[in-house]
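Heads up, the thing below is written out as C-alpha cells.
The values are calculated or read from the model by the stated rules, or taken from the named source; none is laboratory data. Since we're looking at a predicted model, the values are computed, not measured. Here the Cβ is made from the backbone with ideal geometry for all residues, glycine too, and neighbour counts use every protein chain on show.
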Amino acid sequence: MDVFVTGGTGAIGRYAVPALIAAGHRVSGLARSDAAAAALTLAGATPVRVSLFDVEALTSAFAGCDAVANLASALPATATFAFHSSWRECLKIRSEGSAAVVDAALAAGVPRVVQESVVMLYADGGDDWLDESSPVDEYPISRGNHAAEASARRFTESGGVGTVLRFGLFYGVGAAHSEEIMAMARRHLGFVAGRSDAYQSSIHLADAADAVVAALGVPAGTYNVVDDEPLTKAANADALAAAVGRRRWVTGPGRAAVALGDRTTSLTRSLRVSNERSRTGAGWSPRYASVREGYAQMAAASR
Ligand SMILES: NC(=O)c1ccc[n+]([C@@H]2O[C@H](COP(=O)([O-])OP(=O)(O)OC[C@H]3O[C@@H](n4cnc5c(N)ncnc54)[C@H](OP(=O)(O)O)[C@@H]3O)[C@@H](O)[C@H]2O)c1
C-alpha cells in the first residue's frame, strides 16, 4: 500500500515508519523541518513538506495514497504536563489537524484513515476490565482526543474506513517520559501517580507500531492497543526497578497526584484495559506481554 504518515518523526512514528516499510508498504511522511525530512529519508520514507492544517496542500500530498495514518501530536514535557496551557498545541493538532486530515483524505479519495487516540479516555474502572464499549470520560485535556476520534468517525460516515487506535501509556527507547522514569528508577526512585493498587495499561512503542501496520487491514472502528497484562501502579514501579536492577527506596507522587484533579487524571485513574478486539479483529498481538518484559528490553537497549 501507499501510506501517508503524519507524526512519523515522533515517539510512535519513529517505530511505525520502519515497521510499515518492513511490511512492504511505501511510506510518505509529513515533514515540518529539514531535520524531520532527513530523518524520514533515513528511515526509508519520502518526506513531504506540508502543513497539517492546510487541507488543500494535504489533499495534493494524499493523492494516490491507500491510507493515511495520523500520528501527529504534541504532548507537553513532564515538567509542564499538569498545566492546561501546555496542551494548547496538542489540542489544535488533535482537533483542527485531525479534521484537516479527514477533509483532505475525503477530497483525495483515500479509502482509509488510521487515527491515534489513548485509553486514558476511559472512565476509571477500578479493578474491572475495560473494553471498547466501556464508558469514556470528558475532561479538559481529553478534548483533543475526543475531537480526533470524532473526525475518524466522520470519515467512516462519509464512506471511508476510519480506524481509531486507543494506545495505552507508551514506553520504550524514544518515549521521553518513560526514559525519565527509568533514569529515576536507576536512582532508586519509583514513580506511582495515584493509588498504588490502581491499574495502568501500557504499550511498548514497537508493539504500538505493529498495531499501526495491522490497522491497515481492519474494519472501521475503535481498537485498544495495550499489552496483555496491565499491572497495578505499584507492580509497574517494581517491574521498572527490577529491569534496572535497583530496589525502590522512595516512591512518589502517589495520592498527591490525585489532588491535582483533572490536570493529572489521565495518569491517576485506574485503567485495566483489554486488547481482545485488537487480538481477534486485527490479528495483532504484543511481543511484550507486560511491562516486565518490555522494561527489560528497554533497560537492555538503553544501557
Ligand atoms: N501517550 C502517552 O503514553 C504519553 C503520556 C505522557 C507523556 N508522553 C510523552 O510525550 C512525548 C511526546 O509524545 P508525542 O507523541 O506528543 O510527541 P512526539 O513523540 O514528539 O511526536 C510528535 C509527532 O507529531 C509531529 N508534530 C508535532 N506538532 C506538529 C504539527 N504542528 N504539525 C505536524 N506535525 C506535528 C512531530 O513532528 P516534528 O518532528 O516536526 O516535531 C512528531 O512527528 C513522548 O516522548 C512521550 O514520552 C506520552
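All conditions in (1) at pLDDT 95 or above; (2) in contact with a helix residue (DSSP H, G or I) (Cβ under 6 Å, 6 or more places away or on another chain); (3) closer than 19 Å to Phe170 by Cβ hold for Gly44, with the sole exception of (3). The set of residues in segment 1-17 that are among the hydroxyl-bearing types (Ser, Thr, Tyr), over 17 Å from Ala61 (Cα atoms) and near the ligand (Cβ under 10 Å from one of its atoms) contains only Thr9. Among the residues examined, Val110 does not qualify as closer than 23 Å to Thr163 by Cα and within 10 Å of the ligand (Cβ to nearest atom). I'd like to verify a number: residues in segment 33-74 that are among the small types (Gly, Ala, Ser), in a strand (DSSP E or B) and within 10 Å of the ligand (Cβ to nearest atom), how many? Within segment 33-74, residues that are among the small types (Gly, Ala, Ser), in a strand (DSSP E or B) and within 10 Å of the ligand (Cβ to nearest atom) number 0. Taking the criterion of being in contact with a Gly (Cβ under 9 Å, 6 or more places away or on another chain) and part of a loop (DSSP other than H, G, I, E, B), no residue of segment 13-32 qualifies. Which number in (1) near the ligand (Cβ under 10 Å from one of its atoms); (2) of a type outside the set (A, V, I, L, M); (3) touching a residue at least 24 places away in the same chain (Cβ under 8 Å) marks the one condition that His25 misses? Failed condition: (1). Taking into account only those residues within segment 75-85 that are of a type in the set (Gly, Ala, Ser) and more than 12 Å from Ile141 (Cβ to Cβ), which is farthest from the ligand (Cβ to nearest atom)? Within segment 75-85, the match that is farthest from the ligand (Cβ to nearest atom) is Ala79. If you filter segment 60-98 down to residues that are surrounded by 15 or more Cβ atoms within 10 Å (Cβ to Cβ), farther than 15 Å from Val161 by Cα and of a type in the set (A, V, I, L, M), you find that the one that is farthest from the chain's Cα centre (by Cα) is Ala61. Taken over segment 211-232, the criterion of being in contact (Cβ under 8 Å) with a residue 40 or more places away in the chain, surrounded by fewer than 24 Cβ atoms within 10 Å (Cβ to Cβ) and either in a helix (DSSP H, G or I) or among the β-branched types (Val, Ile, Thr) (or both) is satisfied by Val213, Ala214, Leu216, Gly217, Val218, Thr222.
The selection criterion, being assigned to a loop (DSSP other than H, G, I, E, B) and either in contact with a Ser or Thr (Cβ under 9 Å, 6 or more places away or on another chain) or among the basic types (Lys, Arg) (or both), holds for Asp124. Taking segment 144-164 as the range and being touching a helix residue (DSSP H, G or I) at 6+ places or on another chain (Cβ under 6 Å) and within 16 Å of the ligand (Cβ to nearest atom) as the test, the residues that pass are Gly144, Asn145, Ala147, Ala148, Ser151, Val164.
Taking each residue of segment 247-271 that is of a type in the set (Val, Ile, Thr) and looking for partners that are at pLDDT below 90 with beta-carbon atoms closer than 6 Å, six or more apart or interchain, yields Thr264/Ala82; Thr268/Val258.
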